[in-house]
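The values are calculated or read from the model by the stated rules, or taken from the named source; none is laboratory data. Predicted model only: the values in this text are computed from it and were never measured. A quick note on method: Cβ atoms are made from the backbone with ideal geometry, for glycine too, and the neighbour counts reach across all protein chains shown. Side chains included, ligands, DNA and RNA excluded: accessible areas come from the protein's heavy atoms. Shrake-Rupley method; radii C 1.70, N 1.55, O 1.52, S 1.80 Å.
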Amino acid sequence: MHDSAPAPVMTDVARLAGVSHQTVSRVVNGSPHVSTPTRNKVLAAMEQLGYRRNAVARALATRRSGTLGVITFDTVLHGPVTTLYGVEQAAGALGLGVSIAVVDRVSSDAVMRALTRLEDQSVEGVIALATQEDAVRALTAGLRALPAIFVGGLAGAAAADATAVGTDQLDGAQAATRHLLEFGHRTVHHLAGPQDWLDSRWRVEGWRAALHAAGAPEPPLVEGDWSARSGYCGMRAMLAADPALTAVFAANDQMALGALRALDEAGRRVPEDVSVVGFDDVPEAEFFRPPLTTVRQHFAEAGQRAVHLLLDLIRPQESPADATPPPLVPTELVVRRSSGPAAR
């Protein structure tokens, strides 16, 4: 019987990768001071040798687990799913693990249970994908010992808080509304998201600000729940209240999809009779009929920035002073065929 081969150690990885022991240590510990090609070379050597760092020993020696916690309240909608992907991608590039706790309903007890699970796994900090007001309140009350970064609920000047990162909802909504007004529409109706979502509120504020800046009348907004069905029902209600409407800004692409169906059933052509703009730029948006003009959110970028901001909190000595990304991610108006000039 032969003795099993000894487990590879850090010096074996360094020799195979052609780098120093210190460089391998930096990669293992998630230091940002390693170039991407060098990091990839070290990671490839670790994979080839079957090197596995001893997480328990590492945590005892450095008081670091190498794991970030993520709390999310909704893994079905496009935004949270894509943001979570960005978090995992950025953490993996730094050699960090991610532990995810999903809260199925917003309550103080559910949030505390999720935080306890993450604390039991010795996470170094938490990224909270929370845009609902109740979720933010519950997390703020529950997060005591753990450093945390919130993702979502930011807009413009409100993004000064370094413990949050998000998309510029206000500017995105203003751009969507201005786009329709510049086509000569007298006003723009709004299919809003649920008003307990902070992002939805900022989109309402952006829509309202653009209307007021242009001196356009403000129609009553209709609130949906992010689903295509609610967009369909909301659009039918809008048409019943104002059959002469010519432009609609929907707070997300799914509600815009429902609105397109309702307009088609009502015999309204898009964009010849009614222009429609969405928000998010989901992958299917360019395949809607007609292809949807929408506001693109860079969800993955928000997740990546959240990781770097969290590292600034928990490992400030490893972050260059000029490397901290700004907390506010800009949006981008993507013009397709669902918007056009107002009918004369």
Qualifying positions in the range 169-190 - touching a Leu at 6+ places or on another chain (Cβ under 8 Å) and surrounded by 22 or more Cβ atoms within 10 Å (Cβ to Cβ):
Gln169, Gly172, Ala176, Thr177, Val188, His189, His190
Output the number of residues of the range 117-137 satisfying the condition of being touching a residue at least 60 places away in the same chain (Cβ under 8 Å) and part of a loop (DSSP other than H, G, I, E, B).
4
Which residues, taken from the range 70-96, are of a type in the set (Gly, Ala, Ser) and within 23 Å of Ser227 (Cα to Cα)?
Gly79
Picked from the range 15-33 (must be at pLDDT below 85 and open to solvent by less than 20 Å² (accessible area, probe 1.4 Å)), the residue nearest to Gly92 (Cα to Cα) is Gly30
Selection status of Asp273, buried (at least 23 other Cβ atoms within 10 Å of the Cβ) and at pLDDT 95 or above
no
The range 138-155 - residue that is touching a Gly at 6+ places or on another chain (Cβ under 9 Å) and in a loop (DSSP other than H, G, I, E, B) and, of those, modelled with the highest pLDDT:
Pro147
Residue check for Arg305: more than 20 Å from Val204 (Cα to Cα), buried (at least 24 other Cβ atoms within 10 Å of the Cβ) and of a type in the set (Lys, Arg):
yes
Matching residues in the range 94-113 - criterion: being modelled with pLDDT under 85 and either of a type in the set (Asp, Glu) or within 21 Å of the chain's Cα centre (by Cα) (or both):
Leu94, Asp104, Arg105, Val106, Asp109, Val111
List the helices (runs of 4 or more DSSP H) that sit entirely inside the range 223-332 and contain at least 1 residues that are under 30 Å from Leu68 (Cα atoms).
299-314
Taking the range 225-239, which residues are open to solvent by 10 Å² or more (accessible area, probe 1.4 Å) and either over 20 Å from Ala343 (Cβ atoms) or touching a residue at least 40 places away in the same chain (Cβ under 8 Å) (or both)?
Asp225, Trp226, Ser227, Ala228, Arg229, Ser230, Tyr232, Cys233, Arg236, Ala237
Out of Asp199, Asp242, report the one residue that is surrounded by fewer than 21 Cβ atoms within 10 Å (Cβ to Cβ), on the phi < 0 side of the Ramachandran plot and out of contact with any strand residue (DSSP E or B) (no Cβ under 6 Å at 6 or more places or on another chain).
Asp242
Of the conditions (1) over 20 Å from Thr167 (Cβ atoms); (2) not in a strand (DSSP E or B), Tyr85 satisfies every one except a single condition; which number is it?
(1)
Could you list, in sequence order, all residues of the range 125-148 that are over 12 Å from Thr163 (Cβ atoms) and open to solvent by less than 30 Å² (accessible area, probe 1.4 Å)?
Leu129, Ala130, Thr131, Ala135, Ala138, Gly142
